[in-house]
Amino acid sequence: MEQIQAEIAAIRSQIDALQQERATLTINDVVISNENSSPQAIAEAYRHHARETAQISTEIKGIDDAIAALKAELQNKQAQLNSFSNLQQSPQEQLESARSLAKIHAERINQLAGELAAEIRILKDCADRISPMYWQVYYKPFITGFKTISVPHVRSDSDVWTIVNRIV
């Protein structure tokens, strides 16, 4: 566990160092010191600036790629650390942790089910308004099957959770 924490700290320090390095890299504007510079000197100054700009842009891109890779590695290490700390929890603590996670997902399912039910009701209202005209034009119903549409709903009696289908 200490090794993983040390690796996480090393990754974070490397990310910080790369971010500081990236902040120091800047692309300067072309500055021509003498107003009486020759056309060749002006052209050479702009060429030099273009080479610098391309090199700096490439370095910045490389730093950004390295930061992204290190952030992904940091997430992996943090996941390892979390799973390692979960192994050190008692079964009761693991159960409570898993239950709280399940509760979050159940609440999200119920929220989405409510939104879906509302959308289905709106669609049914539209279909009820359109159906008479649709029959006149196409000689068939616009939408069928509204009596059997259901959405999932999670409910609990505090010990046992049940997923039921609610008819919309």
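For residue 149, the residues whose modelled amide H falls within less than 5 Å of its own, excluding neighbours fewer than 5 places apart on the same chain, are 168. The eigenvalues of the Cα gyration tensor, multiplied by 5 and square-rooted, give the stretch 41-85 an equivalent ellipsoid with semi-axes of 43, 4, 4 Å from largest to smallest.
Working note: Cα gyration tensor of the stretch 87-163, eigenvalues times five, square-rooted, sorted largest first, giving semi-axes of 44, 10, 8 Å. For the stretch 58-73, 3J(HN,Hα) computed residue by residue from phi via the Karplus equation (6.51, -1.76, 1.60; θ = phi - 60°) reads 5, 4, 4, 4, x, 5, 4, 5, 5, 4, 4, 5, 5, 5, 5, 5 Hz, glycine and proline entered as x. Only one residue of 98, 131, 74 has its Cα farthest out toward the positive end of the dipole of the stretch 66-156, where Lys and Arg carry +1 and Asp and Glu -1 on Cβ, and that residue is 131. Bridgeable lysines around residue 71 (alpha carbons under 17 Å apart, same-chain partners fewer than 8 residues away excluded): 61.
Across the chain, C-alpha contacts under 8 Å between residues 6 or more apart give a mean separation that, scaled by the residue count, equals a relative contact order of 18 percent. When the solvent-accessible area of the chain is split by element, carbon and sulfur atoms take up 55 percent of it, the probe being 1.4 Å.
Distance distribution note for the stretch 60-124: the fraction of Cα pairs above 16 angstrom is 70%.
D for the chain, whole µm²/s, Stokes-Einstein with Kirkwood Rh over alpha-carbon pairs at 4 °C and 1.567 mPa s: what number? Rounded to a whole number, D works out at 55 µm²/s.
The values are calculated or read from the model by the stated rules, or taken from the named source; none is laboratory data. Fair warning: this is a prediction, and the values are worked out from it, not measured in the lab. Heads up, the Cβs are rebuilt from the backbone with ideal geometry, glycines too, and the neighbour counts pull from every protein chain shown. Note: areas computed on protein heavy atoms with side chains; ligands, DNA, RNA excluded. Shrake-Rupley method; radii C 1.70, N 1.55, O 1.52, S 1.80 Å.
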